[in-house]
Amino acid sequence: MADDRIPLLLLPGLLNDAELWRDQLAGLADIADCQVGDLTGSDTLRGVAEQVLAAAPPRFALAGFSMGGYVAQDLLRIAPARVERLALLGTSVRAESPERSAQRRAQARAVRLPGEFHGFGEIHTRSYIDPSRYGDHALIERIRAMTVRLGAPVFQRQSQFVRPSGMDVLTGYDRPLLLVCGEHDRIAPLELHLEMQRLVPQARLLVLPDCGHMAPMERPQEVTQALRDWLLA
């Protein structure tokens, strides 16, 4: 029997893997043939974009979270005809500032020092989630365990990515576009998503209350439903 499910390519963020999308993988399995892109194999954004594209289906729906949103934008530059619809979560189309890029490189150099890589510490992890979740030790441990599992070499490679402006990609974009932002996202705040919506007025913008940056993990049911509605629109 033919598989009529929609091919869906999910791209995680910095030091994230399929664990980020755990609830969406389960919740969309009835309508989507999901694949999580591997963003760990190159120290350039274009390099990982090309690797992901080589392993992707001929045509697919594309969802990118945080750093994965920048990779998604590069996929649209390389092969726009293969991307049938786009979802951007907790990300931006602005080029990363030189100051922020320098900060990432400094962090990458720091993890080359002797000693065990502990991933994102609890204080760092708290900057990624809503204050209402500070007592959610299971969520915090899921995030920390994911960053530790990927390890220092992946952190060093991903910290080298140059994140260019994606305004050229979104300007005039005419396919279904979903934007998702946590109300209290301090990494990619609401203003960045409103900026993307102004570039694509027909885009749907979902703002999740009491949610920080890690929307797929903090608000899994709402994110899964939004992706379902977007896939079936």
Exercise for review: Pick out, from segment 136-207, the helices (runs of 4 or more DSSP H) lying fully within it that include 3 or more residues that are touching a strand residue (DSSP E or B) at 6+ places or on another chain (Cβ under 7 Å) and touching a residue at least 60 places away in the same chain (Cβ under 8 Å).
Suggested key: none
Exercise for review: Could you list all residues from segment 190-214 that are modelled with pLDDT of 95 or more, more than 16 Å from residue 128 (Cα to Cα), of a type outside the set (A, V, I, L, M, F, W, C) and over 15 Å from the mean Cα position of the chain (by Cα)?
Suggested key: 191, 195, 197, 198, 204
Revision key, fill the gap. Per the list (1) touching a residue at least 40 places away in the same chain (Cβ under 8 Å); (2) out of contact with any Gly (no Cβ under 6 Å at 6 or more places or on another chain), residue check on residue 73 breaks on (2)
Check your understanding: Are any residues in segment 170-189 under 16 Å from the mean Cα position of the chain (by Cα) and not acidic (Asp, Glu), and if so, which ones?
Key -> 177, 178, 179, 180, 181, 182, 186, 187, 188, 189
Study note, to complete from the structure: Pairs returned, first residue in segment 36-65 that is without any contact (Cβ under 8 Å) to a residue 60 or more places away in the chain, second residue that is among the β-branched types (Val, Ile, Thr) and in a loop (DSSP other than H, G, I, E, B), beta-carbon separation under 7 angstrom, 6 or more apart or interchain, are 64/91
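The values are calculated or read from the model by the stated rules, or taken from the named source; none is laboratory data. Just so you know, these numbers come straight off a predicted model, no measurement behind them. Note: ideal-geometry Cβ built from the backbone for every residue, glycine included; neighbour counts use all protein chains shown.
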